[in-house]
Amino acid sequence: MIIIPAVDLKNGKCVQLVQGEPGTEQVIIDNPDEVAVQWVNKGAKRLHIVDLDGALGSGENIGIVKKIVEKSEVPIQMGGGIRTVEDAKKLLDAGISTVIIGTMAIKHPEYITQLSEEYGSEKICVSLDSKNNKVVTHGWTEFTDKTPVEYAKIFEEKGAGSILFTNVDVEGLLKGVDLKPVKELLSNINIPIIYSGGITSLEDLRVLSELGIDFVVIGSALYKGLINFEDTLKFQD
């Protein structure tokens, strides 16, 4: 299992929101590129970037992203505000290892096939954010009529190389992991799952590791000191 620190970008800073809601910033740090380098220096093998401004349609942080790519020297997965094939290509061409596509994938599943064929499926991840066991889009503001498992099967067939599953019901609350939807995904698809949402303790990581999750993204628990990143390394492959 690979533990991936989150570097969420908003207004040029590294932030952590509660339930993805603008205005709920509980962590605000200047110089996100330096934050990223610190995680790599602590042993991170991969980084997770979300452009919250892009996701909310209020701007972008591509300049900072390029700095992080230049300085961090590990694979970087990134999502937030990828609304067109050109948006995805711009990030891949800028050095992002894997683009994470959410709303666009739901609207245009054929784009996943197009990008996978051009860049390789390992570079294309589909983000499935779940609330009340339904996939939500547009920054968690709009419900779809399908479950994460239903969409995951579709995107596996379309050529996605991995699924980023975020359980919005527990995201940012620091109350632990709900294992039921994770088990359902693991039993229904064969491509790697990147898990995000509610990680609070090393025990959460142990359980996810035993389930067979390939990657885990951690944000608030690291930034608030509930988990020491060095302690997570015992779970890393």
Name the residues in region 119-134 that are more than 18 Å from Gln77 (Cβ to Cβ) and either aromatic (Phe, Trp, Tyr) or not in a strand (DSSP E or B) (or both), would you?
Asn132, Asn133
Subset of region 166-188 [within 18 Å of Ile2 (Cβ to Cβ) and at pLDDT 95 or above]:
Leu185, Leu186
Quick check on my filter: what residues within region 55-71 are surrounded by 22 or more Cβ atoms within 10 Å (Cβ to Cβ) and in contact with a helix residue (DSSP H, G or I) (Cβ under 8 Å, 6 or more places away or on another chain)?
Asn61, Val65, Ile68
Can you pull out every residue in region 79-88 that is hydrophobic (A, V, I, L, M, F, W, C) and at pLDDT 95 or above?
Val85, Ala88
Of all residues being within 18 Å of the chain's Cα centre (by Cα) and aliphatic (A, V, I, L, M) in region 72-93, which is surrounded by the most Cβ atoms within 10 Å (Cβ to Cβ)? Just the residue, please.
Met78
The lone condition Gly43 fails out of (1) out of contact with any helix residue (DSSP H, G or I) (no Cβ under 8 Å at 6 or more places or on another chain); (2) in contact (Cβ under 8 Å) with a residue 40 or more places away in the chain; (3) surrounded by fewer than 20 Cβ atoms within 10 Å (Cβ to Cβ); (4) farther than 24 Å from Glu157 by Cβ is (1)
Can you say whether Val50 is of a type in the set (A, V, I, L, M, F, W, C) and over 20 Å from Thr141 (Cβ atoms), as far as the supplied structure shows?
no
Name the helices (runs of 4 or more DSSP H) wholly within region 1-78 that hold at least 2 residues that are within 23 Å of Ile193 (Cα to Cα) and at pLDDT below 90?
52-56
Counting only residues in region 192-237 that are farther than 23 Å from Val40 by Cβ and touching a Leu at 6+ places or on another chain (Cβ under 8 Å), the one modelled with the highest pLDDT is identified as Ile193
Within region 112-134, count every residue that is over 15 Å from Glu156 (Cβ atoms) and buried (at least 18 other Cβ atoms within 10 Å of the Cβ).
3
Restricting region 90-118 to residues that are small (Gly, Ala, Ser) and assigned to a helix (DSSP H, G or I), which is nearest to Ile49 (Cα to Cα)?
Ala105
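The values are calculated or read from the model by the stated rules, or taken from the named source; none is laboratory data. This is a predicted model, so every value here is computed, not measured. We place every Cβ from the backbone using ideal geometry, glycine too, and count neighbours over all the protein chains shown.
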